[in-house]
1. Where does the charge balance sit around A24 when Lys and Arg score +1, Asp and Glu -1, over other residues with C-beta under 15 Å from its C-beta?
2. What ranking do 95-104, 128-137 get when scored by the average of other Cβ atoms within 10 Å per residue, highest first?
3. Name the residue from A84, G70, I50 whose Cα lies farthest towards the positive end of the charge dipole of the chain, charges +1 on Cβ of Lys and Arg and -1 on Cβ of Asp and Glu.
4. Report the extension gain between M1 and K144 in nm, rounded to one decimal, defined as 0.36 nm multiplied by the number of residues separating them, less their alpha carbon distance.
5. Restrict the search to segment 20-92; then list the chymotrypsin sites (Phe, Trp or Tyr not before Pro) that DSSP places in a loop and that have at most 16 other Cβ atoms within 10 Å of their Cβ.
6. Which of S54, S88 comes first, and how do the rest follow, when ranked by fewest Cβ neighbours within 10 Å?
7. Could you sort 106-117, 15-26 so that the peptide with the highest average Cβ count within 10 Å comes first and the rest follow in order?
8. Could you put T49, T4, T30 in order, starting from the residue whose Cβ has the fewest other Cβ atoms within 10 Å?
Amino acid sequence: MQQTLNKVEWAIGDLAPLMRGIAAELASQTEQNFENEGRPQWAELSEATIERRSKNGNWPGQILQVSAAGLAASITTHATDSSALVGSNKPYAAMIQLGGQQTDFPYLWGDVPGRPYLPMDNEGNLQIQTEEAILTLAFDHLEKGARI
C-alpha cells in the first residue's frame, strides 16, 4: 500500500487531500467495527464481565461501548501531507485491539481476547473493506490529478 501511495505522490504531487480522505475513511471503518462488534465478530464477553456489567446496569449492551466517554468516543484521526492515522488516547486501547493476559496485567480480572476495533489486524494489514475503500480514494485522486 505504501509503495502505491508513494507512486501516486510522485505522479500527483499534493497528497494532503487524499490523506485527509484516508483519515476520514479509517475513522468510518473504525466506527463500523464498533457498530458491528467486529469484522470478523469479536469474542463474547466473559461471564465475569457480564456479571459486573449487569450489577452496574451496563448489560445488556454493546461489547466495547460501556460509557459515553469510552473507547469508541476516543477515536481520533490525524492527516499530514504524506500520512493518515487513526487511533485512541485511552491507556487500555492497545490491549483491547491486541488482547492481554492476566499474567501480564495483574489488575485484570481475567484474560482479555483481542477485539480489533481499528480496521487492521495485529500485523498492520488492513481489513479488506478498508483496503478497497482506500484504494478507491487513491485511484479517484490519481484520476482527478491526471485531468488537471
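1. Cβ neighbours under 15 Å give a net charge of -2.
2. 128-137, 95-104
3. With unit charges placed on the Cβ atoms, the residue in question is G70.
4. Result: 49.5 nm gained on full extension.
5. Values: sites: F34, W42, Y92; in loops: W42, Y92.
Qualifying residues, ordered by number: Y92.
6. On the way: S54 12, S88 20.
Starting with the residue having the fewest Cβ neighbours, the order is S54, S88.
7. Packing order, densest peptide first, comes out as 15-26, 106-117.
8. Details: T49 17, T4 13, T30 23.
Exposure proxy ranking, most exposed first: T4, T49, T30.
Here, each number is a calculation from the coordinates, and none is a lab measurement. Bear in mind the structure is a predicted one, so any value in this text is a computation, not a measurement. Virtual Cβ from ideal backbone geometry, glycine too; neighbours counted across all protein chains shown.
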